[in-house]
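Accompanying notes for the structure given below.
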Amino acid sequence: MGGVSEEKDVSLSSGFSVIKACERNGYKTKKIQFNGNVEEILPDAKRVDIVFNALHGGVGENGQIQSLLKKNNIKFTGSNEHASKLCMNKERSKIIAQILGMKTPRWETLDKKYLKPKLNLPYVIKPNEQGSTVGLSLVENQKMLKEALGLAFNYSDNILVEEYIKGREL
C-alpha cells in the first residue's frame with residue numbers, strides 16, 4: 001500500500017480498509033508500505049501467506065509488482081502481471097472489450113503532436129495509463145478543451161478521448 005504514483009492516497013485508504021476488514025474477521029495482518037523501491041518489499045512479502053495488493057497506479061497496477069511477486073513465488077491477490085499491464089492501458093482494454101463483443105463508448109487517442117479530437121462534444125479526456133480519475137476531465141465545450149488536454153498530458157504522453165455517456169459509472 002502507498003506507493004509513489006498520483007494514486008498514493010487512494011492506495012493508502014484501500015490498504016487500511018483491507019487491514020481493518022481482515023483483522024475484524026480474525027486474520028493477522030502485516031502492513032507493507034511501498035516507497036517506490038520494489039526490492040525493499042520482498043523481505044516482508046516473503047514472510048506472509050499472501051500479499052493483498054492495495055497499490056493503485058504506476059508499478060502497483062502495471063504488472064511490475066505482480067511480476068516481482070510471481071518471480072519470487074509469493075502469492076498475491078488480483079490479476080497476474082500480463083492482465084495488470086493490459087488493464088492499465090485504457091485503449092488496449094477497450095480494443096479487447098470490443099473483440100469480446102462488449103459495448104464501449106467511441107474513443108480516439110491523442111498525443112502531443114495531434115491535439116484536435118474528432119469526436120463530437122461532450123467527451124471525456126483522460127490519461128491512457130492512469131486510474132482513479134487522475135487527470136480526467138469532462139469537456140462540454142471547446143473552451144474547456146485546452147485545460148483538459150493540459151491536465152491529462154501532465155500524467156501521460158498518450159491520452160484517451162472518449163464519447164461522454166450520461167449515467168452512473170459502474
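Please tell me if Glu23 is farther than 30 Å from Lys143 by Cβ, among the acidic types (Asp, Glu) and at pLDDT 95 or above.
yes
Can you find a residue that is over 24 Å from Met1 (Cβ atoms), of a type in the set (D, E, K, R) and crowded, with 17+ Cβ neighbours inside 10 Å anywhere in region 82-90?
Taking every residue of region 82-90 in turn, none turns out to be over 24 Å from Met1 (Cβ atoms), of a type in the set (D, E, K, R) and crowded, with 17+ Cβ neighbours inside 10 Å.
Is it fair to say Ile32 is in a helix (DSSP H, G or I), buried (at least 19 other Cβ atoms within 10 Å of the Cβ) and of a type outside the set (D, E, K, R)?
no
Closer than 24 Å to Ser5 by Cβ, touching a residue at least 40 places away in the same chain (Cβ under 8 Å) and not assigned by TED's automatic domain parsing to the domain that holds Ser67: which single residue out of Glu147, Glu129 fits that description?
From the options Glu147, Glu129, the qualifying one is Glu129.
Could you tell me whether region 95-106 includes any residue that is basic (Lys, Arg), within 13 Å of the chain's Cα centre (by Cα), surrounded by 12 or more Cβ atoms within 10 Å (Cβ to Cβ) and within 30 Å of Glu147 (Cβ to Cβ)?
no
Give region 66-87 a look and list any residue that's at pLDDT 90 or above and among the polar types (S, T, N, Q), or say none.
Selection gives Gln66, Ser67, Asn72, Asn73, Thr77, Ser79, Asn80.
Give me the strands (runs of 3 or more DSSP E) completely within region 51-170, filtered to those with at least 2 residues that are in contact with a Ser or Thr (Cβ under 9 Å, 6 or more places away or on another chain), ordered by residue number.
The qualifying strands (runs of 3 or more DSSP E) are 123-127, 158-163.
State which residue is surrounded by the fewest Cβ atoms within 10 Å (Cβ to Cβ) when the search covers only region 1-29 and only residues that are more than 17 Å from Phe76 (Cα to Cα) and β-branched (Val, Ile, Thr).
Of everything passing the filter in region 1-29, Val4 is surrounded by the fewest Cβ atoms within 10 Å (Cβ to Cβ).
Name, by its number, the condition in (1) at pLDDT 95 or above; (2) surrounded by fewer than 20 Cβ atoms within 10 Å (Cβ to Cβ) that does not hold for Pro43.
(1)
Looking at region 118-157, which of the residues that are under 22 Å from Leu170 (Cα atoms) and among the charged types (D, E, K, R) is surrounded by the most Cβ atoms within 10 Å (Cβ to Cβ)?
This residue is Lys126.
Across region 158-170, which residue is farthest from Val59 (Cα to Cα) among those that are charged (D, E, K, R) and surrounded by fewer than 20 Cβ atoms within 10 Å (Cβ to Cβ)?
Lys166
The values are calculated or read from the model by the stated rules, or taken from the named source; none is laboratory data. Computed from a predicted model, the values in this text were never measured in an experiment. Here Cβ is always computed from backbone atoms with ideal geometry, including for glycine, and neighbour counts include all displayed protein chains.
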